[in-house]
Amino acid sequence: MQSLPLPTIIAHAKEYGFLYPSSEIYEGLQAVYDYGPYGAALKRNIQNLWWQSMTQLHANIVGIDSAIFMHPQTWKASGHIDSFNDPMIDNKDSQKRYRVDSLIEEHAGQLEQQGQKKKAADLLKVLQHLLQEQDLEGIYQLIVEENIQCPVAKTSNWTSVRQFNLMFSTQVGAVKEETDKLYLRPETAQGIFVNFLNVQKSARMKVPFGIAQMGKAFRNEIVARQFIFRMREFEQMEMQFFVRPGTEAYWFDYWKKQRLQWHLDLGVPDTQLSLHPHDQLAHYAQAATDIEYAFPFGSKEIEGIHSRTDFDLKNHQNYAKKKLQYFDAEINQSYIPYVIETSLGCDRLILMLLCQGLRQETVAEGKIRTYLKLPPPLAPFKAAILPLVKKDGLPEMAHKLTEALRSDFALVYEENQSIGKRYARQDLIGTPYCITVDHQSLEDNTITLRERDSMQQQRLPIQALRDYLYKKVALQTILKKLIGT
Ligand code: GAP
């Protein structure tokens, strides 16, 4: 199945209350987005699912919620101050700044379109080599030799290539001094590392064990494109799994499989997902594999699985001058554990679900039907309750039913417009079930239940509704799949 084009998905997300450009009345803020009512509900459901599947389903994983602000030394120890950079170049005429890899990749794309496939492939190989060597002068020469122009100014009037740090900084207190500089965390992981011993001791955890957390992360992304794929403020869902040194290859493999299965259990077909081992590693990683989804703009990372060795804990131990060792009673040894990390972007997952779910199908008389096929347990509303007409006691009965089920499920009550239009509206926001109260309901206490994807309807006794819905829309249906019950 091919996703709809990205502009269609962006327009749908805005029109139907999932995502808006941030501060849109002021023309928006690049790469920052706000979640509307249905987007916020979808996000909350995803967070609950991830949290429960990490902590509730694994006896050896606990969750924390650390602060966004951290001691500035954290980022020195983690390597982010020195190594969390992207090489950039500025065009002096347009004053625009570009990530050099994106600029050269785009040029290679143009060469390919012109039929120069080999030249494009060679160019990308040279780029990879120069990036790995951090040869900024070499990258500059490549841009000049290829006569790559600024897409805005259409000139090659470039500055030299420079490294730009991706962290946002801010000031604590009233007086501006370098020592008061704080960073907005670029990953949630460091809040876990600095709390490693606190958690291990207070929750009495034994290696192997994991610490999970989700929360905001911030990166000064220069190339902000593809909607919520690359944002400046985004949400991560990360888990650091602490293991005995020497067992990291086993656990790396274990978490790769577990995490891929998690996405499959959301109903994403395996043809759309792939594992992509990294050639170029982040400064902290010994091995890394991305789980990629086939977005309309290509197969791209949604989650990273990283083998981080003892890089972070060792550096924090050195910088903080505090022992971060674990005593392993089984082997009677103290060591700094190795770490396998699973790091999922919540916003990217949402983009995946929107791309995967938004469908346009031709139905009777050439009419196009649009619907959003979200996994029912993640949908903003689990069901809509609709009186067939706004009279004859049907609204009263439908209201009563809504009240009876409201504490179990997120429901919406709608009585305006024709029943067909109300079904269509629920299809657009991904509501998996519509429950219609009609004249027969008054007589025999049954309703019609319409299923979003098939549009099929069945008659059910009101008595059976709670159990039926629970089996279809509760988060537990996915959790049960995950543990194979
Ligand atoms: N702690 C490891 C880490 O942060 P990463 O590969 O840089 O690793 C992990 O990021 C995940 O965070 C990515 O797979 C992606 O889903 C999400 N992510 C990273 N940068 C993002 C951005 N600018 N906008 C949205 N999501 C992002």
(request) Convert each backbone phi in the range 24-29 into a coupling constant with the Karplus relation 6.51 cos²θ - 1.76 cosθ + 1.60 (shift: θ = phi - 60°), then list the ³J(HN,Hα) values in order as whole Hz, x for Gly and Pro. (result) 4, 5, 9, 6, x, 10
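So if we plug the beta-carbon distance of Lys391 and Val32 into 1/(1 + (r/R0)^6) with R0 = 56 Å, what FRET efficiency do we get, rounded to 0.05?
Values: r = 47 Å, r/R0 = 0.83.
Efficiency computed from Cβ-Cβ geometry: 0.75.
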(message) Suppose each label sits 7 Å from its Cα in the direction of the beta carbon; what would the Ala249-Arg459 distance come out to in nanometres?
(response) 6.5
(message) Below 8 Å, C-alpha to C-alpha, sequence gap of six or more: please give me the relative contact order for the chain in percent.
(response) 14
(request) Hey, can you find the accessible area per residue of the range 374-484 for me, probe 1.4 Å, expressed in square angstrom? (result) 48
(message) Please compute the length gained on full extension between Asn85 and Lys480, using 0.36 nm multiplied by the number of residues separating them and subtracting their Cα-Cα distance.
(response) 138.1 nm
(request) Using the Karplus curve 6.51 cos²θ - 1.76 cosθ + 1.60 with θ = phi - 60°, work out ³J(HN,Hα) for each residue of the range 287-301 in order, rounded to whole Hz, and write x for Gly and Pro. (result) 8, 8, 9, 9, 8, 10, 10, 7, 6, x, 9, x, 7, 9, 5
(request) Determine the per residue accessible area of the range 270-319 with all protein chains present and a 1.4 angstrom probe, expressed in square angstrom. (result) 42
(request) Can you tell me how much longer the chain between Ser94 and Lys14 gets when fully stretched, taken as 0.36 nm per residue apart minus their C-alpha distance, in nm with one decimal? (result) 25.7 nm
(request) Note down the magnitude of the dipole of the range 374-484 about its Cα centre, charges +1 on Lys and Arg C-beta and -1 on Asp and Glu C-beta and zero elsewhere, to the nearest 20 debye. (result) 400
(message) Counting only helical runs of four or more DSSP H residues, what would the 222 nm mean residue ellipticity of the chain come to if each run contributes -39,500 (n - 2.57) and the total is spread over all its residues?
(response) -11000 deg cm²/dmol
(request) With a/c under 1.5 counting as rounded, go ahead and sort the range 325-443 into rounded, prolate or oblate using the C-alpha gyration tensor (a ≥ b ≥ c being the square roots of the eigenvalues; past the cut-off, prolate if a/b is larger than b/c, else oblate). (result) oblate
(request) Calculate how steeply helix 394-405 sits against the longest principal axis of the alpha-carbon atoms of the chain, using the helix alpha-carbon long axis, and give the answer as 0 to 90 degrees to the nearest 10. (result) 50
(message) Nearest 10 degrees is fine. How inclined is helix 117-133 to the longest principal axis of the chain, computing both from alpha carbons?
(response) 60
(message) Going by average Cβ density within 10 Å per residue, which order do the peptides 228-236, 16-24, 186-194 take, highest to lowest?
(response) 186-194, 228-236, 16-24
(request) Sort the range 88-165 into rounded, prolate or oblate with this rule: let a ≥ b ≥ c be the square roots of the eigenvalues of the Cα gyration tensor; rounded if a/c is under 1.5, and if a/c is not under 1.5, prolate when a/b is larger than b/c, oblate otherwise. (result) oblate
(message) Testing the spin-label approximation: label points 7 Å from Cα along Cα→Cβ at Glu451 and Gln360. State their distance in nm.
(response) 2.6
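Ignoring ligands, DNA and RNA, please state the percent of accessible area on the chain from carbon and sulfur, probe 1.4 Å.
50
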(request) Quote the charge dipole size of the range 1-93 about the Cα centre in Debye, to the nearest 20; the model charges only the Cβ of Lys and Arg (+1) and of Asp and Glu (-1). (result) 380
(request) Could I have the simple spin-label model distance between Glu106 and Phe168, label points 7 Å from Cα toward Cβ, reported in nm to one decimal? (result) 2.4
(request) Among Leu313, Thr271, Met239, pick out the residue whose Cα is farthest towards the positive end of the charge dipole of the range 188-333, where Lys and Arg carry +1 and Asp and Glu carry -1 on C-beta, about the Cα centre. (result) Leu313
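Quick check: from the Cα gyration tensor, does the chain come out rounded (a/c under 1.5), prolate or oblate? Mind dumping the intermediate values first?
On the way: a/c = 2.13, a/b = 1.41, b/c = 1.52.
Here the chain falls in the oblate category.
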(message) Exceeding 18 Å between C-alpha atoms, which entries from my cross-link table qualify? They are Lys382/Lys472; Lys257/Lys314; Lys96/Lys300; Lys76/Lys321.
(response) Lys257/Lys314; Lys96/Lys300
(request) Quote the FRET efficiency, to the nearest 0.05, computed for Arg466 versus Arg44 with a Förster distance R0 of 30 Å and r equal to the Cβ-Cβ distance. (result) 0.85
(message) Sorting check: for 348-359, 39-50, 409-420, which peptide has the highest mean count of neighbouring beta carbons within 10 Å, and how do the rest follow?
(response) 348-359, 39-50, 409-420
(request) Go through Ile368, Ala288, Leu324 and say which Cα lies farthest out towards the positive end of the charge dipole of the range 285-406; charges sit on Cβ, +1 for Lys and Arg, -1 for Asp and Glu. (result) Ile368
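Where nothing but the Cβ of Lys and Arg (+1) and of Asp and Glu (-1) is charged, how large is the charge dipole of the chain around its Cα centre, in debye to the nearest 20?
820
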(request) State the answer as a single residue: which of Ile435, Tyr335, Met214 lies farthest towards the positive end of the charge dipole of the chain, with beta carbon charges of +1 for Lys and Arg and -1 for Asp and Glu, about the Cα centre. (result) Ile435
(request) Using Cα pairs closer than 8 Å and at least 6 residues apart in sequence, work out the relative contact order for the range 374-484, in percent. (result) 29
(message) Once you keep just the Cα pairs under 8 angstrom separated by 6 or more residues, what percentage relative contact order results for the range 1-97?
(response) 13
(request) Taking the chain as the reference, fit the longest principal axis to its C-alpha atoms, fit the long axis of helix 311-320 to the helix C-alpha atoms, and give the angle between the two in degrees, 0 to 90, nearest 10. (result) 70
(message) At R0 = 22 Å, how high is the FRET efficiency between Trp51 and Ser202 if r is their beta carbon distance? Nearest 0.05 is fine.
(response) 0.70
(message) What lysines does Lys391 reach when the alpha-carbon gap must be under 20 Å and sequence neighbours fewer than 8 apart in one chain are set aside?
(response) Lys400, Lys421
(message) Once each part is reduced to its C-alpha centroid, what is the distance from the range 115-169 to the range 246-318 in angstrom?
(response) 27
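The values are calculated or read from the model by the stated rules, or taken from the named source; none is laboratory data. Owing to the predicted nature of the structure, the values given are computational and were not obtained by experimental measurement. Note that each Cβ is placed from the backbone with ideal geometry, even for glycine, and that neighbours are counted across all protein chains shown. Ligands, DNA and RNA are excluded from the accessible area calculation, which covers all protein heavy atoms including side chains. Shrake-Rupley method; radii C 1.70, N 1.55, O 1.52, S 1.80 Å.
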